[in-house]
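Report on the following structure.
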Amino acid sequence: MSLRHKYKYYKFQIKRFIKRFILSPYATPRKFVNMLLLTLQYATIKPAKVIGYPLKLTIDPTNVCQLRCPLCPTGQRRRGRKKGYMKFSEFKKIVDEMAPYLYEIDLNNWGEPFLNKEIFKMIEYAHSKKIWLSVNTNFNVPLTEKQAERLVKSGLDQLYLSIDGITQKTYEKYRVGGKLKTVIENIKLINKKKKELNSETPRIVWQFLVNRYNEHEVPKLKEFQHKYGIDKLVIGALRTSMADEIFLEDREKIELIKDWLPKNEKFSRYDYRKKERKLKKKYCHFLWFVSVINWNGSVSPCCGVYFEKYDFGNALKEGFKKVWNNEKYQAARNAVARRKYKIETVCVNCLRTGFMD
């Protein structure tokens, strides 16, 4: 990665951090002090035992999905994590414990959030606790007028839509079993309700992952965006088979998805000649700032850990605060900080293969 690209990358990250955690309308004195404590610790000694709690949680309402996306372990119907739905009472328990410290919650991970019938209650409750909320969805669950209105009124800040094609033929190549028509009708309905209610939220963000079968549509994306009133377009690059990512070297990742990689290398996160990622991170901030809670309370160190056997504890059974500084978390932080550790956790793999970018 060139110095110019590194400068642009780090400048972007700093500006993003300031916007999210310093200038955030969801900030409180307690959250701000907690953020300063975490930042100071991470920037200096990266302690195994952290004073403070995460700024952000990813909470998965369900790991069930109706689509069969070929690079997603849920779509592949891989075993390794129990299937189910988080109850609102369980979500409330987690939020009540962590709300004083949280700036953000992402309500998604391994499944389709709108398959959980209590998703609207979850969004409304977290918003009432002054937490920024986002949902990442394939949007293939048809919304009724009432549901669309409730979603707009819920306080949801950002709605991320995974749409990897602007024709049904292209779209279903990756989003197997998905219906682009359903997605478009849902977008129209949300925008209709936003207009009726004079609401700027939820902000709709379209994520288009470029692959070999949709790269020809990139020049037409802006037209599609404006046609359907989508607030922001993010053109992204494929990772690899998501359940395996943290266990594989870059060459292995490329080999695994070679049939999916776009022919135009500018749309890829990989350098095809060197057979490695263009951006290789030498650090990980997750263990000090962010955590992931699955539908059954099981706590993963990051969103890249699919198999439940690698999780660090259970927030519903033990309470998240006890898990946050338990033996596994401390061992993982020691490993990532390149100190001696007593237990080998899943995070050791990232030292070998490189941290997720």
Accessible-area value, residue 36, 1.4 Å probe, nucleic acids and ligands omitted, Å²: 90
For the stretch 224-357, convex hull volume per residue from C-alpha positions, Å³: 150
Overall dimensions of the stretch 14-77 by Cα: Rg and Dmax, Å: 17.3, 45
Relative contact order, percent, the chain [alpha-carbon distance under 8 Å, six or more residues apart]: 18
Proportion of all alpha-carbon pairs of the stretch 157-311 beyond 22 Å (%): 55
Label-point gap, in nm, between residue 19 and residue 275 - each point 7 angstrom along Cα→Cβ: 3.8
The chain, accessible surface, carbon-and-sulfur percent (1.4 angstrom probe): 55
Cysteines without a disulfide-compatible neighbour (Cβ-Cβ under 4.7 Å), the chain: 65, 284, 302, 303, 347, 350
The stretch 214-291: GluC sites (Glu not before Pro) falling in loop per DSSP and having at most 14 other Cβ within 10 Å: 249
Convex hull volume per residue in cubic angstrom - Cα atoms of the chain: 137
Relative intensity, log₁₀ I(q)/I(0), of the stretch 66-121 from a Debye sum that treats every alpha carbon as a point, q = 0.17, 0.21, 0.23, 0.26 Å⁻¹: -0.69, -0.92, -1.01, -1.13
Calculated diffusion of the stretch 62-191, Stokes-Einstein form, Kirkwood radius summed over Cα pairs, 37 °C and 0.692 mPa s, µm²/s: 211
Of 256, 242, 230, farthest towards positive along the dipole that unit charges on Lys, Arg, Asp, Glu beta carbons give the stretch 222-277: 230
Area of residue 77 that stays accessible when all protein chains are in place (1.4 Å probe, Å², to 10): 100
Relative contact order %, the stretch 95-245, counting alpha carbon pairs below 8 Å whose residues are six or more apart: 20
Selection from 197, 45, 211, by position along the positive dipole direction of the chain (Cβ): 45
Rel. contact order, % - alpha carbon contacts under 8 angstrom, at least six apart, the stretch 7-109: 34
Which of 199, 300 is most accessible, then next, and so on - probe 1.4 Å: 199, 300
Base-10 log of normalised Debye intensity for the stretch 124-242 (one unit scatterer per alpha-carbon) at q = 0.12, 0.15, 0.18, 0.22 Å⁻¹: -0.44, -0.68, -0.95, -1.29
Qualifying lysines (Cα of each under 20 Å from Cα of residue 192; at least 8 residues distant if same chain): 146, 153, 181, 227, 232
Whole-Å distance, taken between Cα centres, linking the stretch 296-321 and the stretch 36-51: 21
Solvent-accessible area per residue, Å², over the chain with all protein chains present [probe radius 1.4 Å]: 49
Alpha-carbon centroid distance for the pair the stretch 154-225 / the stretch 110-130, whole angstrom: 20
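The values are calculated or read from the model by the stated rules, or taken from the named source; none is laboratory data. Bear in mind that the values here come from a model prediction, so they are computed numbers and not experimental data. No Cβ is skipped: glycine too gets one built from the backbone with ideal geometry, and neighbour counts run over all protein chains shown. The protein model used for the area step is the full one, side chains on, heavy atoms only, and it has no ligands, DNA or RNA in it. Shrake-Rupley method; radii C 1.70, N 1.55, O 1.52, S 1.80 Å.
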